[in-house]
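Student: I'd like to ask you about the structure that follows.
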Amino acid sequence: MSQPKADPAEAKSWENEGGSLAPGQVAASLGVVRHLTETYSVGEFQYTNLTDAVAQARRMAKAEKGLQ
């Protein structure tokens, strides 16, 4: 069983219909909002709050001093 041949002229007409939307445009049209979030790493832990990261770093430094 053979596949029907696509008409190249018809394919070109579809390509000139304005193209597809960029992923960001699709997301925005659906109400998806992009947020960039800073993260802070302390050892193997990650925090989005700098105060929490500093507190953990201090706890780790204190524990390390106690082991020496």
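Please treat every number below as a calculation from the coordinates, not as lab data. Here the structure is a predicted model, which is why all the values come from computation and not from measurement. Note that we place each Cβ from the backbone using ideal geometry, even for glycine, and neighbour counts take in every protein chain shown.
Student: Taking the simple approach of a point 7 Å from Cα along Cα-to-Cβ for both residue 26 and residue 50, what is their distance in nm?
Tutor: About 3.8 nm separates the two model spin labels.
Student: Explain nothing, just compute: Karplus ³J(HN,Hα) = 6.51 cos²θ - 1.76 cosθ + 1.60, θ = phi - 60°, for every residue of region 50-67 in order, whole Hz, x for Gly and Pro.
Tutor: Result, rounded to whole Hz: 4, 4, 5, 5, 5, 4, 5, 4, 5, 4, 5, 5, 5, 5, 5, 5, x, 7.
Student: Within 10 Å, count the other beta carbons around each residue, average over each peptide in 30-39, 53-62, and list them highest first.
Tutor: Taking the mean over residues of other Cβ atoms within 10 Å, the ranking is 53-62, 30-39.
Student: Could you give each residue of region 29-44 its phi-based ³J(HN,Hα) in whole Hz, using Karplus coefficients 6.51, -1.76, 1.60 with θ = phi - 60°, and x for Gly or Pro?
Tutor: For region 29-44, the Karplus curve yields 5, 9, x, 7, 10, 8, 10, 9, 10, 7, 10, 10, 9, 9, x, 8 Hz.
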